[in-house]
Number of protein chains: 2
Amino acid sequence: MRERNKISEKQRNILRFMETFIDQKGYPPTIRQIGEAVGIDSTSVVNYNLNKLVQAGYLERTGRTSRGIRLIKPLNPRRVSVNSAYNTPRIPLIGQIVASAPVSIPEDMGHHIDDDNLIEVPVSFLNGIDPSEVFALKVKGDSMIDAMISDGDIVLLRRQDTVSDGQMVAVWLDERGETTLKHFFAEGPRVRLQPAHPTMSPIYVDAAHCHIQGRVLSVLRPSV
Amino acid sequence: MRERNKISEKQRNILRFMETFIDQKGYPPTIRQIGEAVGIDSTSVVNYNLNKLVQAGYLERTGRTSRGIRLIKPLNPRRVSVNSAYNTPRIPLIGQIVASAPVSIPEDMGHHIDDDNLIEVPVSFLNGIDPSEVFALKVKGDSMIDAMISDGDIVLLRRQDTVSDGQMVAVWLDERGETTLKHFFAEGPRVRLQPAHPTMSPIYVDAAHCHIQGRVLSVLRPSV
DNA sequence: ATTCTAAAAGAACGCTCGTTCTATGTCAAA
DNA sequence: TTTGACATAGAACGAGCGTTCTTTTAGAAT
């Protein structure tokens with residue numbers, strides 16, 4: 001079987017045209033408008049290529065509906081941040097993060113999400129991570145000052161229990177009985193947790209007593 | 001003349017329906033779909049109300065174009081952050097902010113903006129301020145630590161030379177020869193500049209030697 | 001009581017637009 | 001050379017869809 005995800009130059013042009021068209025007009029183009037833009041004289045050929053793009057996962061179509069085309073997969077993910085033709089991901093704000101308690105993450109993040117607790121996040125802030133794996137917590141209190149994070153900040157996290165050296169993590173420390181945000185470095189049997197604040201000293205804990213709650217992707221401070 | 005900006009309950013329903021429809025489907029509804037949703041049996045009546053909404057500035061329409069309707073003004077600005085039916089504002093990233101130099105703001109922000117230097121910002125982060133008045137600067141160096149801002153952070157600013165007490169400002173201090181971000185308090189002839197970091201002391205400067213460059217709206221830390 | 005305007009209904013018209021079918025050309029594999 | 005998948009063109013059909021016109025009703029202003 002031939003490569004199904006490969007798309008032709010003409011199909012790339014269709015995607016590019018659709019991005020700018022939707023961005024500028026606020027609604028998708030018709031088949032004939034696409035044809036005119038990319039130099040295809042027949043509606044059936046445009047239709048043919050659109051179906052290819054659906055197969056490749058770039059588009060969704062609604063049958064027998066004028067302009068029933070929707071962009072799904074960006075052609076160049078890096079440029080999406082300047083293009084509103086794609087939907088901006090909305091991340092569930094599922095709770096607070098305080099020093100005195102472990103972060104509580106519902107097992108199933110898909111359910112019981114209140115519309116009011118979704119925050120819109122620029123795609124570029126997710127570093128290519130699937131938005132469905134990401135959640136947000138609001139920082140309560142000034143205990144995260146050593147991570148350069150203040151009260152009211154919103155922390156974007158990806159649920160994972162292992163991280164690479166240098167990444168910032170949310171960890172629960174058994175011995176101290178607190179949650180903290182630090183840069184993580186595995187050093188043999190123990191773990192070095194380095195504050196983001198450059199003048200503050202790292203702490204060292206036993207790896208067994210350090211429970212990673214998730215990786216910190218970015219921090220947002222909505223108002224100052 | 002009667003109030004032109006007031007819209008009826010039915011027209012509010014139309015806007016609400018359009019928000020969710022565009023959000024879910026990726027394209028705007030037809031006149032008949034709107035009518036069915038809000039309980040209007042005649043296409044001409046929907047058309048009538050749509051034109052009212054255009055007059056009130058909530059919509060734009062493209063004549064004789066199927067689904068040629070676009071949302072402009074959000075019904076409830078606070079809720080826009082969870083709705084991608086509106087375009088996410090893109091803010092020009094026009095330079096860096098360092099302690100050692102005043103922020104340089106081009107007189108005309110509308111021109112010579114490179115596409116690659118636009119950053120997408122959730123509407124809720126602008127506090128209702130017109131996006132065209134907002135610009136972004138990237139923080140260089142660790143000199144803003146007392147404002148809980150670290151190297152690489154992106155600061156959203158609104159160009160203005162006066163602010164209210166308590167707001168965070170970017171100011172240029174003649175005597176120190178530096179730009180800093182502090183909470184602003186006018187105290188008679190002088191100005192108290194309070195660091196965001198709770199344990200740090202304020203500084204006091206003569207109001208005449210304190211040049212406000214802009215008001216800080218929010219702070220974004222793209223990756224940690 | 002009359003007049004004016006907003007709001008709504010319904011029908012008819014005609015362009016818009018997706019779909020489908022047939023036909024032609026290209027190129028690589030058999 | 002033949003076969004078959006792929007790509008493109010063109011045309012015709014029918015439903016989709018915005019526009020416009022005529023009426024009707026309700027309420028406010030004169």
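Residues A:Arg64, A:Arg12: which one is surrounded by fewer than 20 Cβ atoms within 10 Å (Cβ to Cβ) and on the phi > 0 side of the Ramachandran plot? Spell out the reasoning first.
Numbers: A:Arg12 fails: on the phi > 0 side of the Ramachandran plot.
The match here is A:Arg64.
Can you name every residue in the range B:16-69 that is touching a strand residue (DSSP E or B) at 6+ places or on another chain (Cβ under 8 Å) and in a helix (DSSP H, G or I)? B:Met18, B:Glu19, B:Ile22, B:Lys25, B:Leu50, B:Asn51, B:Leu53, B:Val54 - these are the residues of the range B:16-69 that are touching a strand residue (DSSP E or B) at 6+ places or on another chain (Cβ under 8 Å) and in a helix (DSSP H, G or I). Taking A:Arg12, is it under 26 Å from the mean Cα position of the chain (by Cα), more than 14 Å from chain B (Cβ to nearest Cβ) and charged (D, E, K, R)? Yes: the conditions hold for A:Arg12.
Would a scan of the range A:162-177 turn up a residue that is in contact with a Pro (Cβ under 7 Å, 6 or more places away or on another chain), surrounded by 13 or more Cβ atoms within 10 Å (Cβ to Cβ), more than 13 Å from chain B (Cβ to nearest Cβ) and of a type in the set (A, V, I, L, M)? I'd like the intermediate steps shown before the answer.
Going through the range A:162-177, the residues in contact with a Pro (Cβ under 7 Å, 6 or more places away or on another chain) turn out to be A:172.
Now drop any that are not surrounded by 13 or more Cβ atoms within 10 Å (Cβ to Cβ), which leaves A:172.
From what's left, more than 13 Å from chain B (Cβ to nearest Cβ): A:172.
Of the ones still in play, those that are also of a type in the set (A, V, I, L, M) are none.
No.
Going residue by residue through the range B:32-54, is there one that turns out to be buried (at least 19 other Cβ atoms within 10 Å of the Cβ) and modelled with pLDDT under 90? Scanning the range B:32-54 turns up no residue that is buried (at least 19 other Cβ atoms within 10 Å of the Cβ) and modelled with pLDDT under 90. Take A:Val134 and decide whether it is more than 23 Å from A:Pro122 (Cβ to Cβ) and in the same structural domain as A:Val216 (by TED's automatic domain parsing). So A:Val134 fails the test.
Pull up the range B:59-74, narrow it to residues that are over 14 Å from B:Met18 (Cβ atoms) and not β-branched (Val, Ile, Thr), then point me to the one that is nearest to DNA strand C (Cβ to nearest atom).
In the first step, residues of the range B:59-74 are kept if they are over 14 Å from B:Met18 (Cβ atoms); the result is B:62-66.
Subsequent filtering for residues that are not β-branched (Val, Ile, Thr) retains B:63-64, B:66.
Numbers: B:Gly63: 10, B:Arg64: 6, B:Ser66: 4 Å.
Residue satisfying both the conditions and the ranking: B:Ser66.
The C-beta contact set for the range A:145-158 (first residue at the interface with chain B (Cβ under 8 Å from one of its Cβ atoms), second residue crowded, with 17+ Cβ neighbours inside 10 Å and in a helix (DSSP H, G or I), distance under 8 angstrom, 6+ apart or interchain) comprises A:Met148/B:Ile145.
When the range A:130-163 is filtered for residues that are β-branched (Val, Ile, Thr) and not in a helix (DSSP H, G or I), the ones remaining, listed by number, are A:Val134, A:Val139, A:Ile149, A:Ile154, A:Val155, A:Thr162, A:Val163.
Looking across the range A:67-78 at every residue that is facing chain B (nearest Cβ under 10 Å) and surrounded by fewer than 18 Cβ atoms within 10 Å (Cβ to Cβ), the one that is modelled with the highest pLDDT is identified as A:Gly68. Among the residues of the range A:22-58, those that are in contact (Cβ under 8 Å) with a residue 12 or more places away in the chain, within 26 Å of the chain's Cα centre (by Cα) and within 12 Å of DNA strand C (Cβ to nearest atom) comprise A:Tyr27, A:Pro28.
Per-residue answers, yes or no, for (1) within 15 Å of DNA strand D (Cβ to nearest atom); (2) closer than 14 Å to A:Lys25 by Cα:
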| position | (1), (2) |
| --- | --- |
| B:Asn13 | no, no |
| B:Thr20 | no, no |
| B:Asp23 | no, no |
| B:Ile40 | yes, no |
| B:Thr43 | yes, no |
| B:Asn47 | yes, no |
| B:Gly57 | no, no |
| B:Glu60 | yes, yes |
| B:Gly63 | yes, yes |
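Among residues that are part of a loop (DSSP other than H, G, I, E, B) and either on the phi < 0 side of the Ramachandran plot or in the same structural domain as B:Ala136 (by TED's automatic domain parsing) (or both), B:Arg192 is not included.
A single member of A:Pro222, A:Pro198, A:Pro122 is free of Cβ contacts under 8 Å to residues at least 12 places away in the same chain, within 12 Å of chain B (Cβ to nearest Cβ) and not acidic (Asp, Glu), and it is A:Pro198.
Is at least one residue of the range B:20-27 farther than 26 Å from A:Ile22 by Cβ and at pLDDT 90 or above? Talk me through it step by step, then tell me what you get.
Step one: filter the range B:20-27 for residues farther than 26 Å from A:Ile22 by Cβ, giving none.
No - not one qualifying residue is present in the range B:20-27.
Taking the residues in the range A:201-219 that are of a type in the set (S, T, N, Q) and more than 14 Å from chain B (Cβ to nearest Cβ) as candidates, determine which candidate is farthest from the chain's Cα centre (by Cα).
If we filter the range A:201-219 for residues that are of a type in the set (S, T, N, Q), which is where we start, we get A:201, A:213, A:218.
Filter once more, keeping what is more than 14 Å from chain B (Cβ to nearest Cβ): A:201, A:213.
Details: A:Ser201: 31, A:Gln213: 18 Å.
It comes out as A:Ser201.
Could you grab me the full set of residues in the range A:125-138 that are within 11 Å of chain B (Cβ to nearest Cβ) and buried (at least 19 other Cβ atoms within 10 Å of the Cβ)? Selection gives A:Phe125, A:Leu126.
The values are calculated or read from the model by the stated rules, or taken from the named source; none is laboratory data. None of the values given here were measured: they were computed from a predicted structure. As a convention, Cβ positions derive from the backbone with ideal geometry for all residues, glycine included, and neighbour counts pool all protein chains shown.
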